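Below is one structure, written out as C-alpha cells; the observations come after it.
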2 protein chains.
Amino acid sequence: MAQTVNKSFIPDLPKGGPLAEYRKRANFDWKDLKLIFEEEQTLKTKYRVWKLLEEDPLFTRSNTNLPTNESKRIAAMQMNHMANLNIVPDEVYNESITQRHKYLCAVNEALHAYSPSLSVKIALGVGLFNNALIAMGTERHQKYYKAAWNREIVTCLAITEVSHGSNTKRIRTTANYDPKTKEYIIHTPDFEAAKAWVGNLGKTATIALTFANLYTPDGESHGLHGFIVPIRDPKTLIAYPGVLVGDIGEKIGLNGIDNGFVMFNNYRIPHENLLNRTGDINEEGVYESVFSEPGKVLGAALESFSAGRIGIMQESVNTLAKAAVIAVRYSAVRKQFGPERDGEDIPIIEYQLHQWRIFPYLAAACVLRVSTFSLFESYMSAIERSQKDSNGFELLTQLVSELHALISSSKPHITWTARDAIQEAREACGGHGYLKASRLGDLRNDHDPSCTYEGDNNVLGQQASNWLVRQWENVESPVGTVDFLNRKDQMMKRTFNCVSKRWSFDHFECESFCLLYF
Amino acid sequence: MAQTVNKSFIPDLPKGGPLAEYRKRANFDWKDLKLIFEEEQTLKTKYRVWKLLEEDPLFTRSNTNLPTNESKRIAAMQMNHMANLNIVPDEVYNESITQRHKYLCAVNEALHAYSPSLSVKIALGVGLFNNALIAMGTERHQKYYKAAWNREIVTCLAITEVSHGSNTKRIRTTANYDPKTKEYIIHTPDFEAAKAWVGNLGKTATIALTFANLYTPDGESHGLHGFIVPIRDPKTLIAYPGVLVGDIGEKIGLNGIDNGFVMFNNYRIPHENLLNRTGDINEEGVYESVFSEPGKVLGAALESFSAGRIGIMQESVNTLAKAAVIAVRYSAVRKQFGPERDGEDIPIIEYQLHQWRIFPYLAAACVLRVSTFSLFESYMSAIERSQKDSNGFELLTQLVSELHALISSSKPHITWTARDAIQEAREACGGHGYLKASRLGDLRNDHDPSCTYEGDNNVLGQQASNWLVRQWENVESPVGTVDFLNRKDQMMKRTFNCVSKRWSFDHFECESFCLLYF
C-alpha cells in the first residue's frame, strides 16, 4: 500500500540536530511505517487540522500554567471558533457512516494532540451529545444536531450525580409529566442527586441532555430517559429560573473544561423535549414503549457512549506514543557515564536498563494503535450491519454485549498502559522530565481522568469479566472474539505445558521437562 | 510505653460526621497506635509546628493554582519568616546529635505535610547546606552555619550541571588557584557545565556551596572540592559581576522552589572560601590532602547527603500515609451499588476489590514508617560512634559504603511505593479524586521528583546491587545487614523449597510436593 502513495504531504524531519546520527541508522523509510500505522486520509486530515491551528493566533500555546478561569475562557473561545475553521466540511456528512466516523476521529485525535481540554470539550459537547441524540432522539430533535456542530448552542450530557457515578441505575433526578400543560417537571430531590462533573456545564452550556427518571401522572416510574433541558439564555449565559448551575472547581488537569453541577427546582420543559426513540408519552398521558425489554433498551442507548470509549482509546494511544517518543529522543541526546572510567559519556539509550525501561512502551504504542484501529473497524461494521438490516436496532442490541465487553477490557488496558508510560518517561528523562517544558506533567495530568471517566477502569474490568464468565456456559459471540470457547471441552483436557528452569547461584543450569500433554 | 504517656496533646477526632460509624468499630485506642508509630517528642514537635503555622496568616493555604512567580514569592516569604517563629529553639543545639537530628527531622516532616515547597526549600537551603558545611568545612566556615539558620544568608548547594547529573565525576566547573592574589578563580567552560536545578538559586540565593575541580598553579587537578561562592548582594539580590544566574522555569510541581542555573566567568573568591576539611592549598600554593585516598574522601563527603535521602524517605512515608488515608476515608463515605439489585448502596470500602486496591498501601505506610525510623537510628548511631571514636572520620568512612547501599535500596522502594499509592488513591477516589480539593494531584506533582533527586532511583538501585555483589566475595558489613552471607556456603547447598499447585478450571485441586531439602 505504502509504495503507491505520494508521501510528500508528511513533513520531513529536521536534517541536522543531535538526533540525526541515530535517525541515519534506520534501515526503513519512516514515512512508509507511518502509513502502515495510519491511513493516508487520516494522516492528511490530521496535518490539515494542525496547519489550521498553527496559522491561527487564537491557538498559540501558553508556556506557563494559566489561572483556571483563563484556561476555561481560552478553551471556550477556541471551541467557539472551530465552526469558522471549517474543519469538518459539509461533504463529510455525505460519506458512509464509517468514513464519517473515521474523519471525525482523526479530527478528534489531531485536536487532542494540540489540547486535550479543547478536544474533550468538543467531544463532550458535540460528539457525545450528538451520538446520544441519534441513539435516543427522533426527527423532532434533529435541529439540535446541526446547532451543536455550528456552536449555535453549547451542549453537555448530564448523567452522573454527586452520589451516583458508576451506578447509573441509582440516578434520582425526576421528570414528572404534567398532562395539563403537556410539560415535564424536572426536579432534583436533594444535593446528592445534583448532576455533577458535567463537562461544559460549569460556565457556558445552554442545553443539557439530562438523564432523569420518567414518571407518569399515575405515579409509575418508567426508568431513565434523556431530556433536552435548556440551562442558560444563549445570549446572556444567565441561567433560567429554576436552574441552579455552577462550576465544580479546579481539577488536577483538563482545566480548560468547565465541569459543572446543576440542580433543578420543579423546572418545566415542553413535551417534545423527551428523547423518545425508545418510549414516549401519548396524547392521553400514557407511556408507550417501543421495546418489550426496557433493560435492553437502556443498554442499547448507553452503547452510544462506546464511541466515547473508543475515542479515549485513540487519544490514549497517541498519548502513549508521545510519552515514549519524548523519552526515546531524550535518551538519544542525554549522555551520562561511559564504558571506561575516565572515557567519554555515552547516550543513555545505549544502556540495557534504560532500553528495558522505555522500549516496551514504544512497542506498546505500535501494537495498541493497530489493535485500537481493528476494534474501531469491528465497532463500525457492527453499526453498519445494524443500519442495513431491517431488524437493525435488534441486531445492534445483540452485538452490544460483546462490543461492550471488548471495549470494557481494552479501555482499561490502554489507558493504564499510557498512564505507566508517561510516568516511566518522566522518570527516564530525570530532572529535565520534571520541567513543564518536557510536556510530561501536562500529559499525565490531562490523561489521568481517562482511567475514570466513561466507565471507571476497575468497574469496566468487572463488566468484561462478567460477560466472559457468561460465555463459559453459552457462547454468544457475533463478533467472534470468544469462538475458541466452542472448543472448551477439548481445551479442558489439556494441561499446562510447563518448562521448569532450575538454576543455582553461581552458574545457570537449565533443565527443562514436559508435563502431561493432552 | 504508650500507657504511661499523657495523650491529651493529640487533638481528638471529630465526634460526628460520616466516618464516626466506622471509627466506633475500632477495638484499639488510635492515640496509642499513633504513639507506637512515632515518639512522643516527635509528635509534640509536629503539633507545635502545625499550631504555629495555623495561627499565622502568612501560612494560609491557597485553594487555587497560583502563578509560578507568586508561589515562589510566598515560599520565600514563608522561609524568611521561619526564624521569627522560633521553630528550632537554641536548646536544640545543646542536645545530643541524635536528639538534635530527631528534632530537625520532626520539624521537616511537619513542614512537608503543610507545604513540600517550603520544607524542601528549607532542607536544601539550610539542612543540606549545613550538613555539607560540617562534613567538608572547618572552623573558618562556622559563621555560615548560624547565618543560614537565621536566614541572614540564603544558601544553596550547586553540584549538578546541565549535562552532568548522576555522574558527578564529570563535573567541569573549575577553580584555579591564583597564588598572587590568594584567590580561587571559579569558571564555567561552556553551557553544558552550567550549574543547573540548584534549589533556591533561581531568584534569591546569596551564597552557593559550589562543587568545582580544584587546580593548582602547576596545572594539576585535585578533584572535586566545595567552595563558598557569593552569588548575590544580600541587600539588593542583584548578582555580582561575573555571575550569570537565573531561574530554570516552570516545573511539574514544587513551584515554590526557585530552581536556578548559574555560570561563572572567571569569578574570583578568597582563599578561605575553600571547604578545606579534607585538603587545602598552603602558603606556598601547594595542595595538601589530609587523606591518602581521595576517592574515599569524596565518598565520605558525599555521604553527608545521605541525610537528605533519609529526609526524603520520611517525607515519602508521610505522603504514602496521607494518600492511603484519603482513599480509605473516602471509600468509607462513598456509596455505590449494593448486594441487592434494587437495595441500598453500600460504602465502597466493603468491596473486596476496593480493599485489595487500597489496604496494601495502608499496610505499607505502617511498615515503612517503622523501617525508616530503624534506618534513621542505624544512621545516627554510626555518626555518633564516629564522633566518639578517636579515629572517628576513619570509622565513618568504613560505615559509609554499607549505609549508602542500605539507603540506596530503601529510597527507591519507599518513593516508588508512595508514588503508586498516590495514583491508586487518585483512581480509587474516582472523579472526586481528580478535584484539586482532594489534594491527590498536588501530592503526586510534589512527590514526583523524589524518584529522581538526591540520586535517581534506578541509579541508586544499581549502586546498592553493586555493593551487594561485592559482599558475595568479601562480607564487610559493620551495620550487620548482610551478616547472613557469612553462611553462604551452607546456603548454597540449599535448593528452593517449592510448593507447586496444580489446578483445573472448574475446581481447585491442590497437590503440594517438596523438592530436595538441604
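The values are calculated or read from the model by the stated rules, or taken from the named source; none is laboratory data. Since this is a predicted model, take the numbers as computed values, not measurements. Cβ atoms come from the backbone with ideal geometry, glycine included; neighbour counts cover every protein chain shown. Just the protein is used for accessible areas: all its heavy atoms, side chains included, with ligands, DNA and RNA removed. Shrake-Rupley method; radii C 1.70, N 1.55, O 1.52, S 1.80 Å.
Results for (1) buried (at least 18 other Cβ atoms within 10 Å of the Cβ); (2) within 14 Å of another protein chain (Cβ to nearest Cβ), shown as yes or no for each residue.
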| position | (1), (2) |
| --- | --- |
| A:Gln336 | yes, yes |
| A:Glu344 | no, yes |
| A:Phe359 | no, no |
| A:Cys366 | no, no |
| A:Ser371 | no, no |
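Which residue, of B:Arg439, B:Arg470, is without any contact (Cβ under 8 Å) to a residue 24 or more places away in the chain and open to solvent by 60 Å² or more (accessible area, probe 1.4 Å)?
B:Arg470
Of these, A:Thr98, A:Thr42, which one is touching a residue at least 40 places away in the same chain (Cβ under 8 Å) and in contact with a Lys or Arg (Cβ under 9 Å, 6 or more places away or on another chain)?
One residue alone meets the criteria, A:Thr42.
Restricted to segment A:202-218, and to residues that are of a type outside the set (A, V, I, L, M, F, W, C) and touching a strand residue (DSSP E or B) at 6+ places or on another chain (Cβ under 7 Å), which residue is surrounded by the most Cβ atoms within 10 Å (Cβ to Cβ)? Steps first, please.
Residues of segment A:202-218 of a type outside the set (A, V, I, L, M, F, W, C): A:202-204, A:206, A:210, A:213, A:215-218.
Right, trim to touching a strand residue (DSSP E or B) at 6+ places or on another chain (Cβ under 7 Å) and you get A:202-203, A:206, A:210, A:213, A:215-217.
Working: A:Gly202: 21, A:Lys203: 20, A:Thr206: 20, A:Thr210: 27, A:Asn213: 16, A:Tyr215: 18, A:Thr216: 15, A:Pro217: 13.
This residue is A:Thr210.
Anything in segment B:446-456 that is more than 7 Å from chain A (Cβ to nearest Cβ) and either at pLDDT 95 or above or in a helix (DSSP H, G or I) (or both)? List them, or say none.
Result: B:Asp446, B:His447, B:Ser450.
Test B:Ile257 against the criterion of being within 30 Å of A:Leu66 (Cβ to Cβ) and either among the aliphatic types (A, V, I, L, M) or open to solvent by less than 40 Å² (accessible area, probe 1.4 Å) (or both), and give yes or no.
Values: within 30 Å of A:Leu66 (Cβ to Cβ): yes; either among the aliphatic types (A, V, I, L, M) or open to solvent by less than 40 Å² (accessible area, probe 1.4 Å) (or both): yes.
Taking the combined requirement at face value, the residue satisfies it.
If a residue must be among the hydroxyl-bearing types (Ser, Thr, Tyr) and at pLDDT below 75, how many such residues does segment B:260-319 contain? Let's see the steps before the verdict.
Let us first name the residues in segment B:260-319 that are among the hydroxyl-bearing types (Ser, Thr, Tyr), namely B:267, B:278, B:287, B:289, B:292, B:304, B:306, B:316, B:319.
In the following step, the residues that additionally are at pLDDT below 75 were identified as B:292, B:304.
Final tally of qualifying residues: 2.
Counting just the residues of segment A:482-518 that are at pLDDT below 90 and either in a helix (DSSP H, G or I) or within 25 Å of A:Ile383 (Cα to Cα) (or both), which one comes out farthest from the other protein chains (Cβ to nearest Cβ)?
Among them, the one singled out is A:Met491.
Considering segment A:130-153 alone, what residues qualify as being without any contact (Cβ under 8 Å) to a residue 60 or more places away in the chain and among the aliphatic types (A, V, I, L, M)? Spell out how you get there, then give the answer.
Residues of segment A:130-153 without any contact (Cβ under 8 Å) to a residue 60 or more places away in the chain: A:130, A:139, A:142-143, A:145-148.
A:Ala147, A:Ala148 - these are the residues of segment A:130-153 that are without any contact (Cβ under 8 Å) to a residue 60 or more places away in the chain and among the aliphatic types (A, V, I, L, M).
How many residues are under 26 Å from the mean Cα position of the chain (by Cα) and either charged (D, E, K, R) or open to solvent by 60 Å² or more (accessible area, probe 1.4 Å) (or both) when one looks only at segment B:173-201?
Number of matching residues: 1.
Going by the conditions given, is B:Ala135 at pLDDT below 90 and buried (at least 22 other Cβ atoms within 10 Å of the Cβ)?
Details: at pLDDT below 90: yes; buried (at least 22 other Cβ atoms within 10 Å of the Cβ): no.
So B:Ala135 fails the test.
With A:Lys34, A:Lys72 as the choices, which residue is part of a helix (DSSP H, G or I), away from chain B (no Cβ under 14 Å) and either under 25 Å from the mean Cα position of the chain (by Cα) or in contact (Cβ under 8 Å) with a residue 40 or more places away in the chain (or both)? It would help to see each step written out before you state the result.
Numbers: A:Lys72 fails: away from chain B (no Cβ under 14 Å).
Sole residue among the options that is part of a helix (DSSP H, G or I), away from chain B (no Cβ under 14 Å) and either under 25 Å from the mean Cα position of the chain (by Cα) or in contact (Cβ under 8 Å) with a residue 40 or more places away in the chain (or both): A:Lys34.
Need at least 1 residues that are more than 30 Å from A:Arg369 (Cβ to Cβ) and of a type in the set (A, V, I, L, M) per element, so show me which helices (runs of 4 or more DSSP H) inside segment A:81-179 make the cut, counting only ones lying wholly within it.
Values: elements: A:97-114, A:116-122, A:129-136, A:142-149.
Passing ranges, in order: A:129-136, A:142-149.
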